[in-house]
Amino acid sequence: MMRRRTTLLMSCTALSLALGATACGGSDPVTAGGGDKALSGQTVTVAGVWSGTEQKNFQKVLDAFSTKTGAKTAFVSTGDNVSTVVGSKIEGGNAPDVVMVPQVGVLQQFAEQGWLTELSAATEKSVDAGYAPVWKNYGSVDGSLYGLYFKAAHKSTVWYSPDAFSQAGVKPPTSYDDMLKAGHTISDSGLAAFSVGGQDGWTLTDWFENIYLSQAGPEKYDALATHKLKWTDASVVRALTTLGKLFKDKELIAGGQKGALNTDFPGSVEKVFGPEPDAGMVYEGDFVAGVARDQFGRTIGKDADFFPFPAVDGGKAPVVSGGDAAVVLKDGKNAKAGMKLLEYLATPEASAVWAKAGGYLSPNKNLPLDSYSDDVTRATAKSLVDAADSVRFDMSDQAPAAFGGTKGAGEWKLLQDFLRDPSDPAATASKLEAAAVKAYKG
C-alpha cells in the first residue's frame, strides 16, 4: 500500500485536512487497494483512558475515519488502569481491536505478553517520514514497531499570568537561575512565585525530570530511566539539591511546603489562573492551558501564557514529553480493520482533525502548524517537533508502575516526602534507589 505523499499533503490547507478531504490527490494508505468505503459493515473497537472533552475530540477523528472507509467505531473508556482492563477483556474473549496506551512501560508489557501485532509497512513508512526517530524507538520493543504515538504532551512548559509578570516588571526567563530571580521579584510584589501541586506526586516527578534532563543530559536521563544508572548517582543528588532549593524557599511556593502538599494539580492551576490568584506561575505540561481556559475562562495567549522550562546550570533547555500510543491487539475481532485505523492515524490528515478541535499536540512534523487553532498551541507544537531526537519521554512513565506510577508509593511518595523536608538530598536518593531496585526486580 502506498503512503499518501507528504508533499501533496503539505500543499493542502489545514481546513481541508481537518475535514478529511482527499482532493490533493495521491494514494491513500487507508483505502488504497480496496477502494473507497472498503471497510463498510465492519466495526473497530478502540479502548483508551480518555473521557470528557478528550474523548469527544478523539471521536471526531474516529468519525473522519468512518467517513473515509465506511467502518463504524466504538470507543471504550478504560479509566487510568489500562493494563488491568485490557487484560481482563482479553481473558474474557472481548478484546478491543485498538488500544491507546498512555505509558511506554505498559506498551512494553503488552508486547512482552504477546498481545500486540506489529504495525503494517504502510504505518511504519508514515512514521519514518513524519516522526523523529525517538518516537519510533518509544513505540518499539526488541526492534519491532508496535505503537504509533498519535497524541503527545509537552511537559516542559511553565505557565504564567502576564498580568502578574507585568505588575512585577519581569519578563519570561531563559535560565533556571533567572526563573528563580524573577520568582523572588514576583514574591516582592505580593504574590508567591510558584503554585506547586504536590498532593499529586506525578507533578513532582515532572519537576525532577526537567531539571535532571537539562543538568545531567540525555544519556544519563536514558540510563536512569531504565535503571542502568543508580538513583544514588551524584547526578541525581545534584538534581535533587537544585530542586530542594526551590522547595524550601517559602517566598517562592504558594502556601509553603504544607500548602503545596495540600494542593492537587487542578488546584495548582487555580492558584494562578483562578478568581483569586495566589501565585504568578505554575509549572506543568501544555494541558494547563485547557484547565485555565475551560475552568477559569482565561484567554490563552492573552491572560494565560507559557515560556519553555529554562536551561539549568548551562545545560540545554529540556523537552520532556508524554503521549498516547495506538496499538493493535492480536485478539481483536477486527484487528485488520484496526490496522487500517492506525494507517489513518499516522497521517497528518487525522492529526489535523483533533488539532482543529484543540487540546492536542502531534509529534508528526508533517502536520502544518496552521492546523492548530491558536498561536500558543502552535508555539508549543513547534517546540515539541523542533526538539526532534532530544525529546525524552516522561521518566516515571517508563518505569514499572510500582515505582513511577502509584499513589502513595515509590517515586511519587518519596518526592512528596522530599518536598516536606528537602534537607537531605543524598538520603532521598538512597530511598529512591531502594524503591527502584524492588520495583524493577518485581
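Within the stretch 401-409, can one find any residue that is part of a loop (DSSP other than H, G, I, E, B), surrounded by fewer than 20 Cβ atoms within 10 Å (Cβ to Cβ) and on the phi > 0 side of the Ramachandran plot? Even if it seems obvious, please write down each step before you answer.
Filtering the stretch 401-409 down to residues part of a loop (DSSP other than H, G, I, E, B) leaves 405-409.
Of the ones still in play, those that are also surrounded by fewer than 20 Cβ atoms within 10 Å (Cβ to Cβ) are 406-409.
This time we only want the ones that are on the phi > 0 side of the Ramachandran plot, so: 408.
Among the residues of the stretch 401-409, at least one is part of a loop (DSSP other than H, G, I, E, B), surrounded by fewer than 20 Cβ atoms within 10 Å (Cβ to Cβ) and on the phi > 0 side of the Ramachandran plot, which makes the answer yes.
Considering every residue within the stretch 180-191, establish whether at least one is within 19 Å of GLU284 (Cα to Cα) and free of Cβ contacts under 8 Å to residues at least 60 places away in the same chain.
Yes; the residues of the stretch 180-191 include at least one that is within 19 Å of GLU284 (Cα to Cα) and free of Cβ contacts under 8 Å to residues at least 60 places away in the same chain.
Kindly check whether there is at least one residue in the stretch 264-282 that is within 30 Å of ALA402 (Cβ to Cβ), assigned to a loop (DSSP other than H, G, I, E, B) and in contact with a Ser or Thr (Cβ under 8 Å, 6 or more places away or on another chain). First the steps, then the outcome.
Within the stretch 264-282, the first condition is being within 30 Å of ALA402 (Cβ to Cβ), and the residues that meet it are 264-269, 282.
Subset that is assigned to a loop (DSSP other than H, G, I, E, B): 264.
Then keep just the ones that are in contact with a Ser or Thr (Cβ under 8 Å, 6 or more places away or on another chain); that gives none.
No: the stretch 264-282 contains no residue that is within 30 Å of ALA402 (Cβ to Cβ), assigned to a loop (DSSP other than H, G, I, E, B) and in contact with a Ser or Thr (Cβ under 8 Å, 6 or more places away or on another chain).
Hey, any hits in the stretch 390-407 for a residue that's of a type outside the set (Phe, Trp, Tyr), free of Cβ contacts under 8 Å to residues at least 12 places away in the same chain and closer than 30 Å to GLY256 by Cβ? So that I can check it myself, show each step before the final result.
Initial filter on the stretch 390-407 (of a type outside the set (Phe, Trp, Tyr)): 390-392, 394-402, 404-407.
Now narrow it down to the ones that are free of Cβ contacts under 8 Å to residues at least 12 places away in the same chain: 406.
If we keep only those that are closer than 30 Å to GLY256 by Cβ too, we end up with 406.
Yes - at least one qualifying residue is present in the stretch 390-407.
So ALA225 passes all but one of these: (1) open to solvent by less than 60 Å² (accessible area, probe 1.4 Å); (2) among the small types (Gly, Ala, Ser); (3) free of Cβ contacts under 8 Å to residues at least 40 places away in the same chain; (4) more than 25 Å from ALA379 (Cα to Cα). Which condition number does it fail?
So the condition that ALA225 fails would be (3).
If you go through the stretch 377-390, how many residues are closer than 19 Å to ALA225 by Cα and in contact with a Leu (Cβ under 7 Å, 6 or more places away or on another chain)?
0
Where residues in the stretch 74-85 are under 21 Å from the mean Cα position of the chain (by Cα) and touching a residue at least 12 places away in the same chain (Cβ under 8 Å), which of them is most open to solvent (accessible area, probe 1.4 Å)?
This residue is ASP80.
From (1) in a helix (DSSP H, G or I); (2) modelled with pLDDT under 95, pick out the condition that doesn't hold for LEU342.
Only one criterion is unmet by LEU342, namely (2).
Picking from ASP389, ASP417, ASP331, which residue would you name as being open to solvent by 40 Å² or more (accessible area, probe 1.4 Å), touching a Phe, Trp or Tyr at 6+ places or on another chain (Cβ under 8 Å) and either at pLDDT 90 or above or within 30 Å of SER120 (Cβ to Cβ) (or both)? First the steps, then the outcome.
Working: ASP389 fails: touching a Phe, Trp or Tyr at 6+ places or on another chain (Cβ under 8 Å); ASP417 fails: touching a Phe, Trp or Tyr at 6+ places or on another chain (Cβ under 8 Å).
Going through ASP389, ASP417, ASP331 in turn, just one is open to solvent by 40 Å² or more (accessible area, probe 1.4 Å), touching a Phe, Trp or Tyr at 6+ places or on another chain (Cβ under 8 Å) and either at pLDDT 90 or above or within 30 Å of SER120 (Cβ to Cβ) (or both): ASP331.
Output yes when any residue across the stretch 265-285 is at pLDDT below 95 and in contact with a His (Cβ under 9 Å, 6 or more places away or on another chain), and no when none is.
Scanning the stretch 265-285 turns up at least one residue that is at pLDDT below 95 and in contact with a His (Cβ under 9 Å, 6 or more places away or on another chain).
Any idea which of (1) part of a helix (DSSP H, G or I); (2) surrounded by fewer than 22 Cβ atoms within 10 Å (Cβ to Cβ) is the one SER396 doesn't satisfy?
For SER396, the failing item is (2).
Yes or no, residue by residue, for (1) of a type in the set (Gly, Ala, Ser); (2) within 23 Å of the chain's Cα centre (by Cα):
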{"site": "LEU224", "(1), (2)": "no, yes"}
{"site": "LYS228", "(1), (2)": "no, no"}
{"site": "GLY274", "(1), (2)": "yes, no"}
{"site": "ASP294", "(1), (2)": "no, yes"}
{"site": "ILE300", "(1), (2)": "no, yes"}
{"site": "PHE309", "(1), (2)": "no, yes"}
{"site": "LYS316", "(1), (2)": "no, yes"}
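Of all residues in the stretch 358-375, which are open to solvent by 40 Å² or more (accessible area, probe 1.4 Å) and not in a loop (DSSP other than H, G, I, E, B)?
LEU369, ASP370, ASP375
Which numbered condition trips up GLY217, out of (1) open to solvent by 10 Å² or more (accessible area, probe 1.4 Å); (2) within 23 Å of GLY408 (Cα to Cα)?
Going through (1) open to solvent by 10 Å² or more (accessible area, probe 1.4 Å); (2) within 23 Å of GLY408 (Cα to Cα) one by one, GLY217 breaks only (2).
Taking the conditions exactly as written (closer than 29 Å to ALA436 by Cα, free of Cβ contacts under 8 Å to residues at least 24 places away in the same chain, within 27 Å of the chain's Cα centre (by Cα) and outside any loop (DSSP other than H, G, I, E, B)), does SER235 satisfy them or not? Outline the logic, then answer.
On the way: closer than 29 Å to ALA436 by Cα: yes; free of Cβ contacts under 8 Å to residues at least 24 places away in the same chain: yes; within 27 Å of the chain's Cα centre (by Cα): yes; outside any loop (DSSP other than H, G, I, E, B): yes.
So SER235 fits the description; yes.
Determine, yes or no, whether THR428 is under 22 Å from the mean Cα position of the chain (by Cα) and hydroxyl-bearing (Ser, Thr, Tyr).
Details: under 22 Å from the mean Cα position of the chain (by Cα): no; hydroxyl-bearing (Ser, Thr, Tyr): yes.
When the stated conditions are applied, THR428 does not pass them.
Residue by residue, here is whether (1) open to solvent by 20 Å² or more (accessible area, probe 1.4 Å); (2) out of contact with any strand residue (DSSP E or B) (no Cβ under 6 Å at 6 or more places or on another chain); (3) aromatic (Phe, Trp, Tyr); (4) touching a residue at least 24 places away in the same chain (Cβ under 8 Å) holds:
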position	(1), (2), (3), (4)
ASP264	yes, yes, no, yes
GLY285	no, no, no, yes
ASP303	yes, yes, no, yes
GLY314	yes, yes, no, no
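Between residues in the stretch 146-158 that are under 27 Å from PRO172 (Cα atoms) and residues that are part of a loop (DSSP other than H, G, I, E, B) and open to solvent by 10 Å² or more (accessible area, probe 1.4 Å), which pairs lie under 7 Å by C-beta distance while being six or more apart or on different chains?
ALA153/ASP286; ALA153/PHE287; HIS154/ASP286; SER156/VAL319; THR157/ASP286
Find the residue count for the stretch 136-151, including only residues that are open to solvent by less than 50 Å² (accessible area, probe 1.4 Å) and either on the phi > 0 side of the Ramachandran plot or over 18 Å from the mean Cα position of the chain (by Cα) (or both).
4
Counting just the residues of the stretch 118-135 that are crowded, with 19+ Cβ neighbours inside 10 Å and under 11 Å from VAL328 (Cα atoms), which one comes out farthest from the chain's Cα centre (by Cα)?
Checked the stretch 118-135; the qualifying residue farthest from the chain's Cα centre (by Cα) is SER120.
Could you figure out which of (1) in contact with a Leu (Cβ under 9 Å, 6 or more places away or on another chain); (2) open to solvent by 40 Å² or more (accessible area, probe 1.4 Å); (3) polar (S, T, N, Q) isn't true of THR185?
Here THR185 clears every test but (1).
The values are calculated or read from the model by the stated rules, or taken from the named source; none is laboratory data. This is a predicted model, so every value here is computed, not measured. Quick reminder, even Gly has a Cβ in these numbers, built from the backbone with ideal geometry, and neighbours come from all protein chains shown. With ligands, DNA and RNA removed, areas are computed over all heavy atoms of the protein, side chains included. Shrake-Rupley method; radii C 1.70, N 1.55, O 1.52, S 1.80 Å.
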